[in-house]
Structure formats: structure tokens, C-alpha cells
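Asks: Okay, handing you the structure first.
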Amino acid sequence: MLEQQQITYIMQMVQLRLLKLISILIILLSILSCATAQKIDDETKGKIEESKRTNELKIQNRNRYKKIPSEIFELCDLQILSFSGSECDVKPCTNISNVPAKIRNLKSLRQLALVMNDLKSLPLEINSLKLESLDLSNNFDIDISNLEIQSLKILNLNDCNLNSLPKGIWNMKKLTVLGIEGNDNIPEEQITRLKKEIPNCVIYWK
């Protein structure tokens with residue numbers, strides 16, 4: 001009987017210590033989350049507030065943000081968004097490297113410019129937008145193979161070090177302007193085909 005009581009006591013003590021450890025872990029995770037959360041400066045806050053009136057937001061990163069501030073994806077009426085990166089003489093630069101899936105929240109967006117960043121790919125969700133103009137110029141080594149925004153009229157891909165046009169570009173029948181200067185590795189037969197399939201599109205290449 002005594003042994004059973006001792007075992008029960010030991011188990012209770014172990015459970016108590018585990019609960020304390022879990023509580024400490026939760027507190028540490030909370031502190032870590034707060035410490036790593038990206039803070040936005042007063043200038044950006046002011047521009048975000050102003051955009052609620054104008055539906056237009058233009059931010060020049062200037063080596064401040066590693067990702068697009070999450071507050072921007074709450075601006076459901078935003079029509080124009082420009083988030084340009086920094087050309088740094090000293091590496092590493094602080095530029096955004098991805099576009100989150102939350103971009104789909106900006107259903108009113110018509111113009112998007114993400115010039116001179118370090119984007120490596122685009123989320124599929126970007127294709128759900130009704131964009132008319134998209135500027136991704138100076139994003140070296142970006143993978144745009146899944147880009148297929150059929151509402152696009154203007155697409156700027158200058159200086160992106162591309163080896164091929166997006167697979168879905170043949171479905172972008174509304175394109176009137178395509179900028180692909182500085183992408184000398186794009187096969188010429190793709191350009192020839194594009195001119196035939198979308199004859200009203202003016203192509204700037206080489």
C-alpha cells in the first residue's frame with residue numbers, strides 16, 4: 001500500500017514539473033514571437049493610413065523590410081501597390097524575397113509593382129487577382145513559370161535573367177505591352193510565336 005502511494009506521489013510530481021516546463025516553453029515562444037515580429041516605422045504607418053483614403057500605396061523599402069508588412073494585406077480596397085526594393089552597394093541587402101499567399105486578399109488591386117527586390121517565385125494566388133499592370137523588373141533569378149493573370153495588359157519583366165516566357169503567357173490575350181529587355185536567353189521562337197498569338201502586344205526585347 002505504501003509503495004503504491006509513493007508511486008502515485010512520484011507520478012504527480014512528474015506531471016507537475018511537466019506542466020511547469022510547458023508553461024515556461026509557452027512563455028518563451030511568446031517572447032520569441034514578439035522579438036521576431038516585423039515592426040513597421042512611422043513613415044510606413046502613415047502611408048498605409050493615407051492609402052485607406054486614396055486606395056494607392058507606394059513604398060520604397062530602403063533596406064528596411066524583409067517581407068511585405070502584413071498590414072498591407074488588410075487593405076481590401078487598395079487599387080495600386082508599389083513596393084520597390086533597394087539597390088545596395090554593400091551586401092546583404094534587405095529586400096523582400098517572396099510574396100505571401102495573402103496577396104489574394106487584395107481583390108481590388110489593379111496595378112502591382114515589385115521592382116528591384118529578391119523575389120524567387122510567385123504564389124499561385126496571384127493569378128486570382130484582376131491585375132491590369134504588373135512590374136517585376138530587376139528581380140534576378142525569379143521563377144515566373146506559374147504566372148497566368150489573364151486580365152493583364154502591361155507586364156514588365158525587364159532584367160529578370162529569364163530563360164523562358166511564362167507558360168501561361170499564351171492565355172494573356174489582353175496584353176498590349178510586354179517588357180523583357182535584358183533577358184537575352186529567352187528563345188527567339190517564343191517571341192515569334194507570341195507575336196502571332198497576341199498580335200496587338202508590343203514587345204520590348206533586346
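Asks: Helix 2-36 sits at what angle to the longest principal axis of the chain, using alpha carbons and giving 0 to 90 degrees rounded to 10?
Replies: Roughly 30 degrees between the two axes.
Asks: Could you state the angle between the C-alpha long axis of helix 42-54 and the longest principal axis of the C-alpha atoms of the chain, as a value from 0 to 90 degrees rounded to the nearest 10?
Replies: 60
Asks: So how tilted is helix 188-197 from the main axis of the chain? Cα-based, degrees 0 to 90, rounded to 10.
Replies: Roughly 80 degrees, rounded to the nearest 10.
Asks: In which sequence would Phe83, Phe73 go, from the one with the fewest C-beta neighbours within 10 Å to the one with the most?
Replies: On the way: Phe83 21, Phe73 16.
By the 10 Å Cβ count, ascending, the order reads Phe73, Phe83.
Asks: Can you order the peptides 16-23, 195-202, 53-60 by their average number of other Cβ atoms within 10 Å per residue, highest first?
Replies: Details: 16-23: 10.0, 195-202: 12.2, 53-60: 14.5.
Those peptides, ordered most packed to least, come out 53-60, 195-202, 16-23.
Asks: A follow-up question, please. What is the set of long-range amide H partners of Ala113 at a cut-off below 5 Å, with H atoms built 1.01 Å from backbone N?
Replies: Counting only residues 5 or more places away or on other chains, the set is Leu81, Ser82, Phe83, Asp135.
Asks: For the modelled label position 7 Å from the Cα of Glu197 along Cα-to-Cβ, which residues of region 147-175 have backbone nitrogen atoms closer than 17 Å?
Replies: So the set is 147-155, 163-175.
Asks: Each residue of region 176-183 in turn: what ³J(HN,Hα) in whole Hz from Karplus with 6.51, -1.76, 1.60 and θ = phi - 60°, glycine and Pro shown as x?
Replies: 10, 9, 10, x, 9, 5, x, 10
Asks: Further question on the same structure: Once you put a point 7 Å from the Cα of Asn163 and another 7 Å from the Cα of Leu124, both along the Cβ direction, what distance in nm separates them?
Replies: 2.3
Asks: Which of the pairs Lys52/Lys174; Lys102/Lys173; Lys66/Lys102 have their Cα atoms more than 19 Å apart in this structure?
Replies: Details: Lys52/Lys174 29 Å; Lys102/Lys173 26 Å; Lys66/Lys102 16 Å.
Lys52/Lys174; Lys102/Lys173, as the Cα separations exceed 19 Å there.
Asks: Further, regarding this structure: Given the -39500 (n - 2.57) contribution per DSSP H run of 4+ residues, what per-residue ellipticity at 222 nm results for the chain, rounded to the nearest 500 deg cm²/dmol?
Replies: When only DSSP H runs of four or more count, the value is -9500 deg cm²/dmol.
Asks: Among (i) 2.96; (ii) 1.47; (iii) 1.16, which is the computed Cα Rg over 2.2 N^0.38 Å?
Replies: Label of the calculated value: (ii).
Asks: For Lys120, list the aspartates and glutamates whose Cα falls under 16 Å from its own Cα; do not include residues on the same chain fewer than 8 positions away.
Replies: In chain and number order, the partners are Asp135, Asp141, Asp143, Asp159.
Asks: Hey, in the GNM for the chain with a 10 angstrom Cα cutoff, which one of Gly168, Gly46, Gly182 fluctuates hardest?
Replies: Gly46
A short reminder: the numbers here are calculations on the coordinates, not readings from a lab. From a predicted model like this one, the values you see are computed outputs, not experimental measurements. Neighbour counts are summed over all protein chains in view; Cβ atoms, including those assigned to glycine, are modelled from backbone coordinates with ideal geometry.
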